[in-house]
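Asker: I'd like to ask some things about the structure below.
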2 protein chains.
Amino acid sequence: MRTSELADRAGVNTETLRYYERRGLLTEPPRTPGGYRDYPAASVGLLRFIKRAQELGFTLDEVEELLHLDNGGPDSCDAARALAEHRRDDLAARIRDLQRMHDSLADLVATCDLPRADRSCALLEAITDSAEGIR
Amino acid sequence: MRTSELADRAGVNTETLRYYERRGLLTEPPRTPGGYRDYPAASVGLLRFIKRAQELGFTLDEVEELLHLDNGGPDSCDAARALAEHRRDDLAARIRDLQRMHDSLADLVATCDLPRADRSCALLEAITDSAEGIR
DNA sequence: CTTGACTCCGTAGTTGGGTCCGGGGTTGAC
DNA sequence: GTCAACCCCGGACCCAACTACGGAGTCAAG
């Protein structure tokens, strides 16, 4: 399969394929007599694996590690699990942070409904005050 | 307070202060007769607010917007409120996205405890399978 | 008055993950 | 046999958010 067909099927830019090849995520495919890349059908699944892992928050370095693990034994499974648990915990921590920020922002917005002096904005004042209060 | 003192207190590089100034996040502080920047004490709190917001996933553009809610940006409290509400909703959406990623990853990790063939990794297979499932 | 730490400035480099450019070669349909 | 569509390649460029460089000025201590 040629470059653009693979790119289309996997939903990526053709340049991305060359980029992944440069990075070592994709091994160099065989070439046609004319010099065109000729990808095996399995490449589609590989690319989808990469994209899926990225959606889950893995960096390309981590994806590469995962791919490398794919050929190992039970040790590799443990390593993959550790990687996944790390990403999972990262995400959980990040969600907690964002939730806190969301809640404070929601609180700030709520101050808009408080009575206030004619020319002052309770929301703006509250943001200023909360900036002061940051440890 | 001079550049390095502010940088130390806020836990940033001195170059970062110049960078923020160029970006308009920090207004140009007054200068000493020798031409050195002389920051007001309030800058420490401002920088900490910026850093905290960044840790929570706000881009510097967003931080700038938040800060502009305070001084002179949109004059109307209603506009400020709309901006804050927009950020709040953005945040809620981002949390939902991350939660989805987190849950998928947690599900994947759970597959590690499933019985599996000797030399296969349920996690890696599961990522592959969920990649197949993308349209 | 010298030394060394600090500051100034413009500019360039870094990282991650691509994306685009432009000059050329290859294919396949008409 | 010619044309468009495709592909090749190295290298430049993009974004965000810094971080580093390096030559020159400032300042306080000794």
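Asker: Indicate the gyration tensor shape class of segment B:1-73 (rounded, prolate or oblate), computed on the Cα atoms with a ≥ b ≥ c the square roots of the eigenvalues: a/c under 1.5 is rounded; otherwise a/b larger than b/c is prolate and the rest oblate. It would help to have the intermediate numbers written out before the result.
Answerer: Numbers: a/c = 2.06, a/b = 1.50, b/c = 1.38.
The shape class here is prolate.
Asker: OK, next. Just to be sure I understand the model, the point goes 7 Å from the Cα along the line to the Cβ. What's the resulting residue B:106 to residue A:55 distance in nm?
Answerer: 1.9 nm
Asker: Along the charge dipole of segment A:27-113, Cβ charges K/R +1 and D/E -1, which of A:76, A:32, A:108 sits furthest on the positive end?
Answerer: Projecting each Cα onto the dipole axis, the largest value belongs to A:32.
Asker: Next up: Can you list the residues, at least 5 places off or on another chain, whose amide H is less than 5 Å from the amide H of residue B:26, using H built in the peptide plane?
Answerer: Counting only residues 5 or more places away or on other chains, the set is B:21.
Asker: Ranking A:22, A:94 by Cβ neighbours within 10 Å, fewest first, what do you get? Please list the in-between numbers first.
Answerer: Working: A:22 9, A:94 19.
Neighbour counts put them in this order, fewest first: A:22, A:94.
Asker: Another question, if that's okay. Which chymotrypsin sites (Phe, Trp or Tyr not before Pro) in segment B:1-105 pass both tests, a DSSP loop state and at most 15 other beta-carbon atoms within 10 Å?
Answerer: Taking segment B:1-105 and a limit of 15 other Cβ atoms within 10 Å, the loop chymotrypsin sites (Phe, Trp or Tyr not before Pro) found are B:36.
Asker: A further question on this structure: What is the magnitude of the charge dipole of segment A:1-58 about its Cα centre, with +1 placed on the Cβ of each Lys and Arg, -1 on the Cβ of each Asp and Glu, and no other charges, expressed in debye to the nearest 20?
Answerer: Working: 10 positive and 7 negative charges, 16 e Å.
Once rounded to the nearest 20, the dipole reads 80 debye.
Asker: In addition: Measure off 7 Å from each Cα along the Cα-to-Cβ vector at residue B:9 and residue A:65, then give the distance between these two points in nanometres to one decimal.
Answerer: For residue B:9 paired with residue A:65, the spin-label model returns 3.9 nm.
Asker: Quick check: net charge around residue B:10, other residues with Cβ under 11 Å of its Cβ, Lys/Arg +1 and Asp/Glu -1?
Answerer: Details: positive: B:9, B:48, B:51, B:52; negative: B:5, B:8.
Around residue B:10, the surrounding residues sum to +2.
Just so you know, all these numbers are worked out from the coordinates, no wet-lab data involved. Only a predicted model underlies this, so the values are computations on that prediction, with no experimental measurement involved. In this analysis, Cβ positions are derived from the backbone assuming ideal geometry, glycine residues included, and neighbour counts consider all displayed protein chains.
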